[in-house]
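I have placed the structure first, in the form of structure tokens, so that the comments after it can refer back to it.
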């Protein structure tokens, strides 16, 4: 099962309701293509600022390694480690870019693949009429986290740890 964050584009002046076809689902986890083809992956996803930052860091690292006299093996290992870091942080970089473009995170959904995650999200989106959105819930998971989590009452009046109940004896 994969976890996806769902992002809604900023509304256009002519739109009164969001267009579900424009929603973006960003999968959490390691991105193999971001690791293998880092610059091309960034350009494919239109991560311009991230790409410029990556090029600056990669060039600075390589120049620094050449200046200190590192071997070509060390320089290759550093380049692979930088790509590995990008592979692990690919989803974070995409969410950063979407938030900079004023896209709104409208929920988190779990699914076996992208299609099942989309189906689950839009089923919940349509089912909840009390939340903003056309015919239903705009933020099913973000609006209802407390309802989904069953809480047990504490068994004793005092809480163990750093946060005792207000007004309890010390």
Three-way shape label, the stretch 1-56, alpha-carbon gyration tensor, a/c 1.5: oblate
So, in nm, how far is label residue 1 from label residue 88 when the simple model puts each one 7 Å beyond its Cα toward the Cβ? 2.5
Mean Cβ count within 10 Å, highest first, over the residues of peptides 27-35, 103-111: 103-111, 27-35
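We did not get these values from a lab; they are worked out from the coordinates using the rules stated. From a predicted model like this one, the values you see are computed outputs, not experimental measurements. As a convention, Cβ positions derive from the backbone with ideal geometry for all residues, glycine included, and neighbour counts pool all protein chains shown.
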